[in-house]
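Enquirer: One structure, as structure tokens, below. Some questions next.
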Amino acid sequence: MASVPVTKSSTAYRRRRPDWLTDVLDWIMHPVELIFVPIQRRFGTQKMAWFFVLPNLIIFAIFIMLPMLLNFYYAFTGSTNFFPQDRPFVGTSNFTTLLTCENFLQPVTCEQDIFWRAVWNTGVYVFFEVGGIVVISLITAVALNQRIKARGFFRSIFFYPVLLSPVVVALIWKWILQRDGVLNAIIVALGGERVPFLLNSEWARIWVIVVSIWAQMGFYTLILLAGLQAIPPEYYEAAQIDGASHRNTFRYITLPLLMPTMLVVLVLSLIRAVQVFDQSFALTGGGPGTATTYIVQYIYNTGFTSSSRQAGLAAAASVILAAVLMILTLTQLRLGRRTEENS
Amino acid sequence: MRTVYNFLTQTRNHYGLTRSDIATYIYLSLGTLVMAGPLVWLVLSSFKPQSQLVRFPPTLLPYQQQTVTVAGYEEPLELFNVTMDDGTVHQLAQVSRVGLEARMVDPAAPETIYKVKLDQRQPIESLNFGFDNYTRGVEAFDFWKYFRNTLGVTVFATILTLLVNSMAAFGLSKYQFKGRNLIFIIIISTLMIPLSVILIPVFLVISEVGWSNNLLGVIVPAAATPTGVFLLRQYMLTIPDELLDSARIDGASEWRIYWQIVLPLAGPALAVLAIFSVMWRWNDFLWPLIVLSRNDLFTLQVGLNSFQGEFNTQWDLVLAMTVLTLLPVTIAFAFLQRYITTGIATTGMK
């Protein structure tokens, strides 16, 4: 009896899969079997779990775990030498250098003024970008959830920029925002003056935020849309029978039931926003001056491009960033658990 | 304000076109303009010749000045509508420009040369979707080399990711062994440690392994994605253990169980991961930027970024190359849209 499902499901699958694909897979996988069978005979079935886990684990250990540990080593050692054996232990001095400030609100008074500028830039960026994404995605998701024509078309349009790479997105907008670009043409046509959008600190900051929202909102819209569609229609029917207004239906049914999804969107976009780098790097290069230099770019600049490569400072900054991300993720898990318990 | 509120608060249970329907359509149309406008503008601009690109204010569609070959002149000459002193308008071809005057000829009778003031002539233009920018760009940018690099990285990295992640997921979901939960927790906990946080030591490790300036350094390290392991493990947990046990009774080795029973059954999850992996690798920027410093190894994204720095004013080529770079993703989206959107909606990852 138990053997029936095997043949049934595997033949059912084979029918859907083209023959050549099966052949290629057989051809690749069969030789492994020749090595595998003796090993299995030697160690037994249960031990073979390690055989499966090991390749992933080795790559993971070398390229993720080891760098994470080395990062701490770098953070507590000094000098401009890159190789670990040439770096003297300096205790927490990298952290004190980063965190020495007469007044934390004024980056000029800090020893590493660019770091604190980057911190404040990132703070402002995160606040407006995440706020914008949550609000705009919610409105768009609600709009796409209506009974309208061409819903699929609109959904694709809003989603498509998500697939574009940061460099492509940056180039598209650079072309629009440049001095002789189409946006300035519209402003001049309306009787205004040309604005050097990417050469003015305030404008550059604003546009980095706008462009990020433009490129990413489709992703969060999609998640919210899935959340909206998961709300059982019976609730709305009941509300209609009770004669609830649109406004009350939204406030007392849609919003509370969408809360868990909203939290996911909030935390995911927060985690991504804190790490902002490639978009701004390709759009403004961190400038003008340091107006759009964010924390990850500070790390990149300090560790890789500045004339004196200060790997220790960069590593210390990334430890601080990792701590922030850890707190955010733990908050997400916490909130997720609480909403699960409530529902 | 009231319409906005109605629009936000309405439900699906109504018939006919209400006021909030109209608000919805207006919002979505404006949204479409903002979302698609920049892309349309990019594509239209990429067909314009350099002379059109520097024009302010720009024209919406790509125009090209008409030219004509005139007997006695080797190069084709540009055509203009010229308002003569007596008020009549003639089509003349420009031979040369000196200061504020242009020397022009009538293509039909090229013997006489007219001297025309610059403000008397209007260029004759016609709509033109020429691929000149593209052909010149592909050469100057070395598009095919970067394309090959990117394609190689994307294909090999995706195959490796699928193989390694599915093996790990199989081991973690279908076996009981000491340390299983510990391994799983460690892998999951690094979901929150992005590359950007470990830039410096990753670079050290890659150069120690000897993979800096080697495409392997881009392919292998990110193959052990925690997201992939997590996604596949959750999916494989739903495959009943009885299937595996009965195959064992039939004498199948664990490897055979993995690739003839579990892999085919995990097909939908593998498809989602494959699509994501292709997207990640095609668009990846920071990792190749760090690993690769030799120009001939660049991927499209890194190449494009340095290209825009080098040729800051050569927008004609940069725009055309930008379009070419986003083309594969666009085609993939057109065919796999349903999988991509449901994949994101159900897993919440990107």
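The values are calculated or read from the model by the stated rules, or taken from the named source; none is laboratory data. Please read these numbers as outputs of a predicted model, since none were measured by experiment. Cβ coordinates were reconstructed from backbone atoms using ideal geometry, including for glycine residues, and neighbour counts include every protein chain displayed.
Enquirer: Which is modelled with pLDDT of 85 or more and either farther than 24 Å from B:Trp211 by Cβ or touching a Ser or Thr at 6+ places or on another chain (Cβ under 7 Å) (or both), of A:Ile64, A:Ile58?
Expert: After applying the criteria, what remains is A:Ile64.
For every residue, the table says whether it meets (1) within 14 Å of chain B (Cβ to nearest Cβ); (2) assigned to a helix (DSSP H, G or I); (3) within 30 Å of B:Gly217 (Cα to Cα).
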{"residue": "A:Ile28", "(1), (2), (3)": "yes, yes, yes"}
{"residue": "A:Val37", "(1), (2), (3)": "yes, yes, no"}
{"residue": "A:Asn94", "(1), (2), (3)": "yes, yes, yes"}
{"residue": "A:Asn103", "(1), (2), (3)": "no, no, no"}
{"residue": "A:Trp116", "(1), (2), (3)": "no, yes, no"}
{"residue": "A:Val119", "(1), (2), (3)": "no, yes, no"}
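Enquirer: Spot the failing condition for A:Val195; the list is (1) modelled with pLDDT under 90; (2) of a type in the set (Val, Ile, Thr); (3) within 17 Å of A:Leu268 (Cα to Cα), and only one is missed.
Expert: That leaves (3) as the condition not met.
Enquirer: What pairs can you find where one residue is in segment A:257-281 and of a type in the set (Phe, Trp, Tyr), the other is surrounded by fewer than 21 Cβ atoms within 10 Å (Cβ to Cβ), and their Cβ atoms are less than 7 Å apart, with a gap of 6+ or different chains?
Expert: A:Phe277/B:Leu286
So that you can scan it fast, the table gives a plain yes or no per residue for (1) surrounded by 20 or more Cβ atoms within 10 Å (Cβ to Cβ); (2) at pLDDT below 90; (3) of a type in the set (A, V, I, L, M):
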{"site": "A:Trp203", "(1), (2), (3)": "no, no, no"}
{"site": "A:Ile206", "(1), (2), (3)": "no, no, yes"}
{"site": "A:Thr221", "(1), (2), (3)": "yes, no, no"}
{"site": "A:Gly227", "(1), (2), (3)": "yes, yes, no"}
{"site": "A:Pro232", "(1), (2), (3)": "no, yes, no"}
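Enquirer: Related question: One residue is enough: does segment B:249-270 have a residue meeting the conditions over 23 Å from A:Thr22 (Cα atoms), facing chain A (nearest Cβ under 7 Å) and buried (at least 19 other Cβ atoms within 10 Å of the Cβ)?
Expert: Within segment B:249-270, not a single residue is over 23 Å from A:Thr22 (Cα atoms), facing chain A (nearest Cβ under 7 Å) and buried (at least 19 other Cβ atoms within 10 Å of the Cβ).
Enquirer: Answer with yes or no whether A:Ala244 is touching a residue at least 12 places away in the same chain (Cβ under 8 Å) and among the small types (Gly, Ala, Ser).
Expert: no
Enquirer: Based on this model, can you work out whether B:Leu336 counts as surrounded by fewer than 18 Cβ atoms within 10 Å (Cβ to Cβ), more than 8 Å from chain A (Cβ to nearest Cβ) and over 18 Å from B:Leu216 (Cβ atoms)?
Expert: yes
Enquirer: Scan segment A:39-64 for residues that are more than 8 Å from every other protein chain (Cβ to nearest Cβ) and either in contact (Cβ under 8 Å) with a residue 12 or more places away in the chain or basic (Lys, Arg) (or both) and jot them down.
Expert: The answer is A:Ile39, A:Arg41, A:Arg42.
Enquirer: In segment A:166-179, which residues are touching a residue at least 12 places away in the same chain (Cβ under 8 Å) and either surrounded by 15 or more Cβ atoms within 10 Å (Cβ to Cβ) or facing chain B (nearest Cβ under 7 Å) (or both)?
Expert: A:Pro166, A:Val167, A:Val169, A:Ala170, A:Leu171, A:Trp173, A:Lys174, A:Leu177, A:Gln178
Enquirer: Quick check on this structure: which one of A:Phe127, A:Phe197, A:Phe115, A:Phe153 is closer than 30 Å to B:Thr18 by Cβ and either touching a residue at least 60 places away in the same chain (Cβ under 8 Å) or not basic (Lys, Arg) (or both)?
Expert: Going through A:Phe127, A:Phe197, A:Phe115, A:Phe153 in turn, the sole match is A:Phe153.
Enquirer: Only one of B:Gly152, B:Gly130 is surrounded by fewer than 18 Cβ atoms within 10 Å (Cβ to Cβ), under 22 Å from the mean Cα position of the chain (by Cα), outside any helix (DSSP H, G or I) and not aromatic (Phe, Trp, Tyr). Can you tell me which?
Expert: None of the others qualify; the one that does is B:Gly130.
Enquirer: Is one or more of the residues making up segment B:63-73 at negative phi, within 13 Å of chain A (Cβ to nearest Cβ) and in a loop (DSSP other than H, G, I, E, B)?
Expert: Scanning segment B:63-73 turns up no residue that is at negative phi, within 13 Å of chain A (Cβ to nearest Cβ) and in a loop (DSSP other than H, G, I, E, B).
Enquirer: If you don't mind, there's one more thing I want to ask. Of the residues B:Ile275, B:Ile331, only one is out of contact with any helix residue (DSSP H, G or I) (no Cβ under 9 Å at 6 or more places or on another chain) and more than 10 Å from chain A (Cβ to nearest Cβ); which?
Expert: B:Ile331
Enquirer: Testing A:Val188 on (1) over 25 Å from A:Leu328 (Cβ atoms); (2) assigned to a loop (DSSP other than H, G, I, E, B); (3) hydrophobic (A, V, I, L, M, F, W, C), one condition comes back false. Which one is that?
Expert: Failed condition: (2).
Enquirer: Please go through segment B:281-322 and give me each residue that is of a type in the set (Val, Ile, Thr), crowded, with 22+ Cβ neighbours inside 10 Å and either facing another protein chain (nearest Cβ under 10 Å) or not in a helix (DSSP H, G or I) (or both), ordered by number.
Expert: B:Thr299, B:Val302, B:Val318, B:Thr322
Enquirer: Farther than 28 Å from A:Ala204 by Cβ and either under 24 Å from the mean Cα position of the chain (by Cα) or away from chain B (no Cβ under 14 Å) (or both): is that true of A:Pro67 in this structure?
Expert: Yes, satisfied.
Enquirer: Can you tell me which residues in segment B:168-186 are crowded, with 24+ Cβ neighbours inside 10 Å and at the interface with chain A (Cβ under 7 Å from one of its Cβ atoms)?
Expert: B:Ala168, B:Phe170, B:Gly171, B:Leu172 - these are the residues of segment B:168-186 that are crowded, with 24+ Cβ neighbours inside 10 Å and at the interface with chain A (Cβ under 7 Å from one of its Cβ atoms).
Enquirer: Taking into account only those residues within segment B:213-242 that are farther than 22 Å from B:Ile186 by Cα and more than 25 Å from the chain's Cα centre (by Cα), which is surrounded by the most Cβ atoms within 10 Å (Cβ to Cβ)?
Expert: Result: B:Ile239.
Enquirer: Restricting to helices (runs of 4 or more DSSP H) lying wholly in segment A:196-300: which have 2 or more residues that are within 15 Å of the chain's Cα centre (by Cα) and facing chain B (nearest Cβ under 10 Å)?
Expert: Filter on segment A:196-300 gives A:201-229, A:255-274, A:278-283, A:295-300.
Enquirer: Taking the condition of being under 21 Å from B:Ser51 (Cβ atoms) and surrounded by fewer than 13 Cβ atoms within 10 Å (Cβ to Cβ), how many residues in segment B:69-96 meet it?
Expert: Selection size over segment B:69-96: 5.
Enquirer: Under 6 Å between Cβ atoms, which residue pairs at least 6 apart in sequence (or on different chains) link something in segment B:26-53 that is under 26 Å from B:Tyr134 (Cα atoms) and at pLDDT 95 or above with a partner that is part of a helix (DSSP H, G or I) and not hydrophobic (A, V, I, L, M, F, W, C)?
Expert: none
Here's the yes/no breakdown for (1) modelled with pLDDT under 85; (2) away from chain B (no Cβ under 14 Å); (3) buried (at least 20 other Cβ atoms within 10 Å of the Cβ):
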position	(1), (2), (3)
A:Pro88	yes, yes, no
A:Tyr125	no, yes, yes
A:Val130	no, yes, yes
A:Ala141	no, no, yes
